[in-house]
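What follows is one structure encoded as structure tokens, with my remarks underneath.
The values are calculated or read from the model by the stated rules, or taken from the named source; none is laboratory data. Remember, predicted model here, so these are calculated numbers, not experimental data. Heads up, the Cβs are rebuilt from the backbone with ideal geometry, glycines too, and the neighbour counts pull from every protein chain shown. Calculation scope for accessible area: heavy atoms of the full protein, side chains included, ligands and nucleic acids excluded. Shrake-Rupley method; radii C 1.70, N 1.55, O 1.52, S 1.80 Å.
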Amino acid sequence: MKSFDFFKSLISNKLFLFTTPLLISSLIFSYYLSIIQKKNYSLKDKLEKEKQNKLHEQKKCEEQRLGRTRAERELRRVVNSYKEDRENKNVERPPDYPPIGFLESCFRERNGTPRQGLIVTKGKALLKLKTSVNPTYSLEGLDQYSHCWLIFIFHENTNTLRSVRSDRPASGVKAKVAPPRLDGIKVGLFSTRTPHRPNPIGLSVAKIDKVVGDTIYLSGIDLIDGTPILDVKPYSVHDSVKGVINPAWVTIPVVPPLDNVIILDVAKKQLQYFVDKKKLKFYDNYDDIETCIIEILTEDIRSVRKRKQDKLIDQKLKQNKDINSSTTTTTTSNTSDNEEDQQEEGPEKHRFSLDILNIRFTVENQIATVFEILEDEVLNSDENIYLPSNIYSNKNTNNSNSNNKNNTNESKITESIENNENN
């Protein structure tokens, strides 16, 4: 009863009724105010940290910019000193650029390799990039282009070899060269695409067949096996220039292409054997490699000296035929001797390598005739002077005699051809 009387007295007290709501509201206000202050302090801390981080990043960027500026100044100094040094007395030199990969090509030698890109559409190659360029990410998006530019080094240039050999120092490149299309006529080297240049750097366009992992599969290639590749750039629509002007010897060359390419039946059977046995590294069907051979020979891969030599032989053969047709009173023994001399003095035999094959042909009256296709004996020899890439490595190296290998290969080819004919 006493406690009830106490509460009753409080309620009846007007001061209590007035101060109690104020006290409760002040407590609630102070509570929310403390929460707001805590959030404010945390926001200030975050802003301060972000400000410090921003200042740190700005300082870092300034240091990097200063570092780049110093490096650019140093590089300009070296390059400028290199420009002013006309007697090549300066030891300093611009930086070297290591290759991003080495091309594995169906062309193992300079002889037979197309002189321009996309001329031989079935010329195939692949480029496996080094892990240092992170090919998984660096090749992303390249497959969306149809063609690409390849920046490379003419690594089999004789001038390049002299520049790295102390026993045979380079004496400088020649200012005038004789392009194959001009048949011996010389022009300035910078008006041509000769590999013999002050800086042996080349530019070639190729078709992108596919991109798988760290490897680019290419076609229409004009580079030999083992070519160091410095860079790969996509071929853009802006790279095609309208209204291009070229000299007449480029559009209408002095040396015309051959009129026809004939592959004899024996050579076709030999080629079919390699396709059926799946021995080739870049070709899995007959039509592609046959087209490649025809496209290569159509462009007349003979050198100026060999073309002139073939012309002299053609003239001699025509003269011999005219003499034989005019002399009708000669004896049979003399005619047989003349026929033997004609056979010995037939058209000169040429060769070029494609994939693992050694292709032999003759050229007579602007017509190339392929008469033999066999596996290149260089790949089976102990001393391979061409040093092909790993794609041509022969795992079966137990036999030491390369001639025996070639003889057995030839016998196997002939036996398989004969068996197919009998069947």
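Return a yes/no flag: does the stretch 166-184 have any residue that is at pLDDT 90 or above and not polar (S, T, N, Q). There is at least one residue in the stretch 166-184 that is at pLDDT 90 or above and not polar (S, T, N, Q). Pick from the stretch 213-238 the residues that are under 18 Å from Ile119 (Cα atoms) and acidic (Asp, Glu): which of them is modelled with the lowest pLDDT? Taking the candidates together, the pick is Asp225.
When only residues in the stretch 114-127 that are surrounded by fewer than 17 Cβ atoms within 10 Å (Cβ to Cβ) and in contact with a strand residue (DSSP E or B) (Cβ under 7 Å, 6 or more places away or on another chain) count, which is farthest from Asp231 (Cα to Cα)? It comes out as Thr121. Note on the stretch 275-312: among residues that are among the aliphatic types (A, V, I, L, M) and more than 21 Å from Thr113 (Cβ to Cβ), the one that is least open to solvent (accessible area, probe 1.4 Å) is Val275. A Cβ distance below 6 Å, combined with a sequence gap of six or more or placement on separate chains, defines the contacts here; from the stretch 130-145, residues that are under 12 Å from Asp214 (Cβ atoms) reach residues that are surrounded by 11 or more Cβ atoms within 10 Å (Cβ to Cβ) in the pairs Lys130/Ile100; Lys130/Gly101; Val133/Ile100; Pro135/Leu129; Pro135/Asp214; Leu139/Val211; Leu142/Val211. Elements of the type strands (runs of 3 or more DSSP E) sitting completely within the stretch 203-266 and holding at least 1 residues that are exposed (fewer than 15 other Cβ atoms within 10 Å of the Cβ) and touching a Gly at 6+ places or on another chain (Cβ under 7 Å): there are none.
How about the stretch 283-303: which of its residues are among the aliphatic types (A, V, I, L, M) and in a loop (DSSP other than H, G, I, E, B)? Selection gives Ile301 alone. Scanning for something touching a helix residue (DSSP H, G or I) at 6+ places or on another chain (Cβ under 8 Å) and surrounded by 14 or more Cβ atoms within 10 Å (Cβ to Cβ), does the stretch 132-147 turn up at least one residue? Among the residues of the stretch 132-147, not one is touching a helix residue (DSSP H, G or I) at 6+ places or on another chain (Cβ under 8 Å) and surrounded by 14 or more Cβ atoms within 10 Å (Cβ to Cβ), which makes the answer no.
For the stretch 91-113, indicate whether the set of residues that are surrounded by 13 or more Cβ atoms within 10 Å (Cβ to Cβ) and at pLDDT below 75 is non-empty. Steps first, please.
Step one: list which residues in the stretch 91-113 are surrounded by 13 or more Cβ atoms within 10 Å (Cβ to Cβ), which gives 99-113.
Retained after the next criterion (residues that are at pLDDT below 75): none.
Taking every residue of the stretch 91-113 in turn, none turns out to be surrounded by 13 or more Cβ atoms within 10 Å (Cβ to Cβ) and at pLDDT below 75.
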